[in-house]
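Shown below is the structure under consideration.
The values are calculated or read from the model by the stated rules, or taken from the named source; none is laboratory data. Every value quoted in this text rests on a predicted model; they were computed, and no experiment measured them. All Cβ positions, glycine included, derive from the backbone under ideal geometry; neighbour counts span all protein chains shown. The protein model used for the area step is the full one, side chains on, heavy atoms only, and it has no ligands, DNA or RNA in it. Shrake-Rupley method; radii C 1.70, N 1.55, O 1.52, S 1.80 Å.
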Amino acid sequence: MSFHSIITGDLINSRTVETSLWLPVLEKALEKYSTSFSIFRGDSFQLEVKLEDLFECLFYLKASLKSIEGLDVRLGVGVGSIVYADLDIKRSTGDAFIFSGESLDELGKEILSFKSYWATLDECVNIILNLSSRLVDQWTVNMSETVKATLEYPELNQVDLAKRIGRNHQSQLSKELNKANFGKIQQVIQYCTQELLKYAN
């Protein structure tokens, strides 16, 4: 069986921000990781992501939308089979879609959730996501912009990255990444990706 990862999300506080501000940001973020995505019901979306990109994509989506004052996003992840893949992702079916929808529905006060065929993996990943989401909750607009740019341009050094996002000094960018606990977020991405690929291969 081949396994697929589906993210279903909805924006928090989207009605308080002009659609023209967040929609292009959301579209760009979805296009970075997926060729199969849909935005529906105004501020909900769904996308298929490669397994190896899944966890980076989650934090990139968070950083992208939190870079807009007042916005945030809830994300439910499902990893499983796809039994029918349509050009319109909303018409596709399979356990990956079911798990993703259930993850989002069961979020409650959490803002990240993961569900797959493997209960042991689910338990481990969800503990890590719940803890790391506490770090993400503290991101300011500036921190979110910096994390977003760092994930967007991994090939750039901090001096060039600071210039690209309009920071006066490299030290400012470094301070924002430290405050955002970006090193720990990178560890989360790496560890969760490794664990998922172990189960899926």
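Which members of region 174-201 meet the condition of being more than 15 Å from Phe114 (Cβ to Cβ) and touching a Leu at 6+ places or on another chain (Cβ under 6 Å)?
Answer for region 174-201, where residues must be more than 15 Å from Phe114 (Cβ to Cβ) and touching a Leu at 6+ places or on another chain (Cβ under 6 Å): just Asn181.
Looking only at region 1-43, filter to residues that are among the small types (Gly, Ala, Ser) and over 18 Å from Ser100 (Cα atoms); which one of those is surrounded by the most Cβ atoms within 10 Å (Cβ to Cβ)?
Step by step, filter region 1-43, then rank; the result is Ala29.
If a residue counts only when it is over 30 Å from Phe3 (Cα atoms), which helices (runs of 4 or more DSSP H) contained entirely in region 102-201 have at least 2 such residues?
141-152, 158-164, 170-179
For Val136, are the conditions met, namely being surrounded by 21 or more Cβ atoms within 10 Å (Cβ to Cβ), in contact with a strand residue (DSSP E or B) (Cβ under 6 Å, 6 or more places away or on another chain) and in contact (Cβ under 8 Å) with a residue 12 or more places away in the chain?
Working: surrounded by 21 or more Cβ atoms within 10 Å (Cβ to Cβ): yes; in contact with a strand residue (DSSP E or B) (Cβ under 6 Å, 6 or more places away or on another chain): no; in contact (Cβ under 8 Å) with a residue 12 or more places away in the chain: yes.
Spelling it out, it is not the case that Val136 is surrounded by 21 or more Cβ atoms within 10 Å (Cβ to Cβ), in contact with a strand residue (DSSP E or B) (Cβ under 6 Å, 6 or more places away or on another chain) and in contact (Cβ under 8 Å) with a residue 12 or more places away in the chain.
Do we find that Leu47 is within 23 Å of Lys198 (Cβ to Cβ) and buried (at least 23 other Cβ atoms within 10 Å of the Cβ) in this structure?
Considered against the rule, which asks whether it is within 23 Å of Lys198 (Cβ to Cβ) and buried (at least 23 other Cβ atoms within 10 Å of the Cβ), Leu47 comes out as no.
I need the full set of residues from region 147-171 which are crowded, with 16+ Cβ neighbours inside 10 Å and over 30 Å from Tyr117 (Cβ atoms), in order please. Steps first, answer last, please.
Start the filter on region 147-171 by keeping residues that are crowded, with 16+ Cβ neighbours inside 10 Å, which leaves 147-152, 158, 161-162, 165, 167.
Matches in region 147-171: Val147, Lys148, Ala149, Thr150, Glu152, Gln158, Leu161, Ala162, Ile165, Arg167.
Okay, moving on. Can you tell me which residues in region 91-110 are open to solvent by less than 60 Å² (accessible area, probe 1.4 Å) and in contact with a strand residue (DSSP E or B) (Cβ under 7 Å, 6 or more places away or on another chain)?
Correct list: Ser92, Gly94, Asp95, Ala96, Phe97, Phe99, Ser100, Gly101, Ser103, Leu104, Leu107.
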